[in-house]
Every structure is written in structure tokens, then in C-alpha cells.
Amino acid sequence: MNDFSDAVRKSLREQGKSLRGTAKALHYDVSYLSRALNGKQAPSPELIQALNEYLGLSLEVESATPHDDEMDAWELARRVQASDVGSTTLERLERTFDDLAMAYPKSDPEDLLRKVRKHSAYVLKLLDAKKTLSEHRRLLVIGGWLSLLGATVHIDLMQDDAATARLETAATLAREAGYLEIEAWCYETEAWRVLTDGDYVRAAELSRAAQEIAPAGTSAMIQATAQEGRAHARLGNASETYSAIERVQDMSAVLGIPDTPEHHYRYDPAKSLSYTATTLAWLGDSAAEPYAREVIKRLSPSDDVTKWPRRVASANIDLALVLLKENRLDEACDSAQKAILSGRVVPSNHWRALEVVKAVEARQLPESADLREAYQTLKAIEQ
């Protein structure tokens, strides 16, 4: 093991290649690569082969002799084998996934799901094709991301069985590829699902599990922390909620603004603003109002409203909850009406709109009938 690690590190130095750059080029998590080269975790056969290909080596973990005539012959034969996949196809699939993830905030869920299915089927076909080990791993990663996105859309549509199957597939592919961020997102996504079902304790547990495996500083780590904060807010755990909000704000500030903030799996500071509004509103903290109004102000007057229609709808629901608590009833009903009539409240979030409708009805406000009618229309459209 030491001979292998020493040889790889020496080759990296001689070729002027960094650990992070190597991890990115091979599509491995940098923390996993670091552990493998520091003797803290045994490298997988796929990683060994990928490093051999990348650095032009012929190493084995259990062999003290770096070169072997027989294995050199096999290595030469393997390298000259043609691939039926190729980097061009893989790059196109990676770009396609990014396009789908960027379309998620504004797309019709059914339309998006059809595209996810089509490209997932293509990945499945390529897994049976002749390819290098490096190409195989890239396919696993692409398949993992597509399965994760598909699961998210199924949850939005409240298709539980399909969501479960796709989440399990995404997690399996992530483990096979050694890609911790996808696995962390799987836990976070399941946390969101159980939270919408009302199991707040389980949501907090799953969120913490996601944080334990998410690479530091990644979007998965930030979103998992945010999800834990939401769960604590629903449970009324104020100190834990405020702690999560602070951690999310600190991490998102360091992360900076991504080139594609609309990408569902790339956290951006503006998302932190929306998250804070929702979390404080659920906790019953009036401090949610300025956050919700800021989200609406930033997005509504510009073209951004077409990029973030769901975010604006959620902010109006958050605002309605806070205004109801403060007995500003006309404003609350107006905000709720805007959210419901926007048509951008996906089925998995209907409960949030219904929460406001029931609160208005409990106060026997004259606007309750119109609000209930709008909600029932929303439900009918989605069915």
C-alpha cells in the first residue's frame, strides 16, 4: 500500500499535477483520493486503474514490484481496446444533466421527468457498451445525478414509490463510484420528503446523516444543514434553528455566487435568503418578514421571476404566515392569494399553501372562501 501511495505522489509531483486537479480530472471526490493516498482508506480497483491511466503507471497495491512483464502486456492490450462510449458522449451527457438541473426551478415537473427518463435510459444502454474503467465511473456519476434529479421530481409530484426507487438507485451508483456528494444529496432529499410528510424528527436525523458524509464546503453540506434547520423550526426548537441558520449563512457566504445559480444542486447566497425566510416563518419568528419581502423584491420586478417562480411563491407563503401571526390579515390573505394563483406551488408543497388557508378559515375571515376556492382549483389542475 505504501509503495503504491508513494509512487502515485511522486508521479504527481514530477508531472506537476495537484491532488485536487487529479480528483477533478478522474471524477473522484478529493477527500476520498486524499484518504487513499495517505493510507487511511484502501483504494478501489477502479481508482487504481484510473490513476494508472492518468499518470501512465502500472501499479498494484499488493505488489512490491512496480512493474511486471505479464501485467505490462495485459495493460498494453487493455489500453489499445476501442471504446464504444468516448469522452464526447460523456461530456454531452454531463452538460445535459446540468441543463436539466438548471431547468428544474421553472420547468413543468412532468416535462422535466420525461427528459430525465430519456437520458437515464441512454446511460443504462451505455453501461452495457465497451468502455474504459474511467468512462464506466463517469457513467455511474452521471447516472447517479440523473437518478437523484428524477427522485426529486417524483417527490414534487408525490409519486412516492418511484421516488424511493430512484433515490436508492442514485445512492447505489454514488457508492459504486465513490462519489460522496451525490450520496449526501440522497439523504438530504429524503429528509425533505419526510419533512413534507410531517416526520420532523426523522427529517433532522437524515439531515445530520447527510452532513456527516457531505464533503466540506459543498452545496450538499449547506443544503443538508438548511434542511436540519427547517426540521428544528417545525419542532419548535429555537436554539437549534438559529444555529442552523447561522451556519448556512456562513457557509453560503464563503461559497460565493456560482456561474449557474439556478442549478438545483449548486447552492447560492440568494437561496440562503429564501431559506431563512421559510425557516423563521415556520418557527413563528416575525423576523421572517423582511427576508420574505427581500426575496419578493429582488425577484418579482425583474426577469428573475421567470427563473425562480417557485421561490417567489414560497416567499409569499412565508410572508402570509408571518402576517397572520401579527394579525395583519388583509395583507396575509393577499400574499397567500398571490402564491396560490401563481400556479407555481408544486404538489409536494400544497401542504404549505393549505396551512395558510386553514389559518385564514380558523379566523373566519371573509377572504377565506376565495382562498379556499383558489386552493381547490390549484389541486384540481395538478391532479
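The values are calculated or read from the model by the stated rules, or taken from the named source; none is laboratory data. Nothing here was measured: the structure is a model prediction, and the numbers come from that model. Here the Cβ positions follow ideal geometry from the backbone for every residue, glycine too, while neighbour counts run over all protein chains shown.
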Residues of region 130-179 being over 24 Å from Pro43 (Cα atoms) and not in a helix (DSSP H, G or I), in sequence order, are Leu157, Met158, Gln159
Screening Ser5, Ser31 for residues that are in a helix (DSSP H, G or I), over 25 Å from the mean Cα position of the chain (by Cα) and within 21 Å of Leu180 (Cβ to Cβ) leaves only Ser5
Flagged in region 1-16 as surrounded by 14 or more Cβ atoms within 10 Å (Cβ to Cβ) and within 11 Å of Leu51 (Cβ to Cβ), in numbering order, are Phe4, Ser5, Ala7, Val8, Ser11, Leu12
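Conditions (1) at pLDDT 90 or above; (2) closer than 24 Å to Ala313 by Cα; (3) surrounded by 11 or more Cβ atoms within 10 Å (Cβ to Cβ); (4) not hydroxyl-bearing (Ser, Thr, Tyr), marked per residue:
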residue: Ala82; (1), (2), (3), (4): no, no, no, yes
residue: Thr88; (1), (2), (3), (4): no, no, no, no
residue: Tyr104; (1), (2), (3), (4): yes, yes, yes, no
residue: Tyr122; (1), (2), (3), (4): yes, no, yes, no
Going by the conditions given, is Ser252 touching a Pro at 6+ places or on another chain (Cβ under 7 Å) and closer than 27 Å to Arg95 by Cβ?
yes
Residues in region 155-178 that are over 22 Å from His136 (Cα atoms) and in contact with a Lys or Arg (Cβ under 6 Å, 6 or more places away or on another chain) total 1
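Quick grid of which residues meet (1) touching a residue at least 40 places away in the same chain (Cβ under 8 Å); (2) closer than 15 Å to Arg166 by Cα; (3) touching a Phe, Trp or Tyr at 6+ places or on another chain (Cβ under 6 Å); (4) not hydroxyl-bearing (Ser, Thr, Tyr):
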residue	(1), (2), (3), (4)
Leu90	yes, no, no, yes
Glu94	yes, no, no, yes
Leu100	yes, no, no, yes
Pro109	yes, no, no, yes
Ser120	no, yes, no, no
Lys125	no, no, no, yes
Ala129	yes, no, no, yes
Glu135	yes, no, no, yes
Gly144	no, yes, no, yes
Taking first residues from region 259-276 that are assigned to a loop (DSSP other than H, G, I, E, B) and second residues anywhere that are among the hydroxyl-bearing types (Ser, Thr, Tyr) and surrounded by fewer than 21 Cβ atoms within 10 Å (Cβ to Cβ), the pairs with Cβ under 7 Å that are 6 or more apart or on different chains are His264/Tyr104; Arg266/Thr260
Scanning region 32-53 for residues that are surrounded by 16 or more Cβ atoms within 10 Å (Cβ to Cβ) and touching a residue at least 40 places away in the same chain (Cβ under 8 Å) gives Tyr32, Ser44, Glu46, Leu47, Ile48, Gln49, Ala50, Leu51, Glu53
Quiz item: Has region 45-55 got any residue that is modelled with pLDDT under 85, under 21 Å from Glu212 (Cα atoms) and assigned to a helix (DSSP H, G or I)?
Solution: no
Across region 14-30, the tally of residues that are within 17 Å of Gly217 (Cα to Cα) and β-branched (Val, Ile, Thr) stands at 1
Check on Glu94, in a helix (DSSP H, G or I), surrounded by fewer than 17 Cβ atoms within 10 Å (Cβ to Cβ) and either among the aromatic types (Phe, Trp, Tyr) or modelled with pLDDT of 85 or more (or both): yes
- Are any of the residues in region 274-295 surrounded by fewer than 21 Cβ atoms within 10 Å (Cβ to Cβ) and closer than 22 Å to Lys106 by Cα? yes
